[in-house]
Structure formats: C-alpha cells, structure tokens
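What follows is calculated from the coordinates using simple rules that are stated; it is not laboratory data. Everything numeric in this text was worked out from a predicted model, so none of it was measured. Note: ideal-geometry Cβ built from the backbone for every residue, glycine included; neighbour counts use all protein chains shown.
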Amino acid sequence: MHRFYINTIKSSEDLAMLDAEETRHAVSVFRIKKGDALELFDGKGHRYLGIAGEISKGQLSVQITENKESFFSSPVQITLGVAVFRPERMEMLVQKACELGAHAIIPLVTERSIVKLSADRWETKLERWQKIIQESCKQCGLPFAPEISAPRLFKNFIPEIKNYDLALISTLEGVSLPLAQALPQTPPRRILALVGPEGDFSPNEVQRVLEAQAKSVSLGPLVLRSETAGIYLLSAIHFFYREVAIVK
C-alpha cells in the first residue's frame, strides 16, 4: 500500500487533503484513482488508512477509514549532532539517519567545517533536508519524522550537551573508549552522538565537549568518513539497546 505525507486531518470529518505535490506524486507516479486504498502519516506518530476520493483545486481528498497505532519504538532517543559537509554526502546521511530511527538531527558548523553558507542558503538546505526526511519516512514506514534544526555554530551548542543523559563524541583526538564500553547497560533515554567534519573536531572543541561530561569514543581501527561514522554510531547504539543489553 502506498504511503503519503499529510500535515493535518480534520478529525470531525475524517477527511484529509493531500497537498499539491503529494497529489501529483499519487496520481502521476502511483496512478492512484478514486476508490484506491492508501496510507497516510503526519510525521508525529499518527498513521491512517483511507480511500482516495476526488481531486479538487489540485488536491486529492482521502476519506479516513482507520486510525492506526504507531508501531516504531526504541528504548533510546538518539540525536545525531553532525558537522555539515558536502551537500550530496550530507543528504545521504540525513536519509540514512531517518531510516535508522534517529530522533533528531542537529547540523553543526565546527571550526574545521568546509561548508559555510549565508543564512538564506542554510534555509534552502534545511528545506531540502526536511523533504528528504519526509520521503525517507514514506519509504521505510517510520511514523515519526526526525526533527532537523537549522545549522548552528558548534561552540554555541556545546552548553546544551548537559541536557542529554549520555553524550558521545566520535573523534581521533586523544584517548577514546571502545563504543561498547561507553554504553551503560541501562538505556539512557536521551543520547547525543556527535560526528565531526572531514578534518575531525579541533582539540579545543574536543576539550570543551569532554568538560561538558561527554565521552570520547572510538569506532574501531579504520578512519571513517563523516557520513559513515554517523551511520555506524546510529546502527551500533540501536543494536546494543535492542539486541545486546536486553539479552544480558
């Protein structure tokens, strides 16, 4: 069954209207016709089954037939804090982070970040990333769309590290713990996983993060690209708390 994104549903009428872009996608790509069954989601955990209706003013109406319970759950909420890097690689990481169940994504501009844009261009990038998240949720069946914020300076974000139950920084700078040793057996509810740019975090940034009570972790003997490190961290942490910790 094809899935489509919807902003809001009129609960009193059990009626939803796909926006113009989703309508074009439904009709032109999937050939949805009146009477066809489809699924809707709003990115906030709500899923619905419905029947396609008429197209009015470029929008497809959907009659809701069933409110589905959200099925995705995880013992941890992982926020990925990642230094922005080249566009195509950043877009791939945003897509995969969504597929891997990231709770949120925070793009960061670090001392060694290569990509540095104006506020207007960052806004355009943010809109692009949000669209990628929507499409990824449709593909993988995730009812909760990860929140992604506008890029911000890493030095201004560091004070917020204390708001997380566990913060991990992946870096080649200094001495690091193996990832498995840095993860407590009891799942912390809110985890922050930090991934640096191509040239790694600067020594000053690492020192400030460690002073904020984060743990420096190693991802093994190989030097990973930033997007690979982000995917590795998300996968390993979820695997640990879904499969390893529960077994022990």
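Observations on the model:
- A simple spin-label model places the labels of Leu15 and Leu126 3.4 nm from each other, with each point 7 Å out along Cα-to-Cβ.
- Rounded to whole Å, sorted largest first: equivalent-ellipsoid semi-axes of the chain, Cα gyration tensor: 38, 21, 14
- Computed over segment 3-68, the Cα gyration tensor eigenvalues convert (square root of 5λ each) into semi-axes of 17, 12, 11 Å, ordered from largest to smallest.
- Under a 5 Å amide H cut-off, with hydrogens placed 1.01 Å from N, Val217 pairs with Ile169, Ser170, Thr171, Leu177 among residues at least 5 apart or on other chains.
- Among the listed pairs Lys44/Lys155; Lys57/Lys96; Lys33/Lys68; Lys68/Lys138; Lys68/Lys162; Lys96/Lys116, those with a Cα-Cα distance over 25 Å are Lys44/Lys155; Lys57/Lys96; Lys68/Lys162.
- At most 14 other Cβ within 10 Å, DSSP loop - trypsin sites (Lys or Arg not before Pro), segment 156-239: Arg189, Arg225
- Segment Ser74-Ser28, length gained on full extension (0.36 nm per residue, minus Cα span): 13.0 nm
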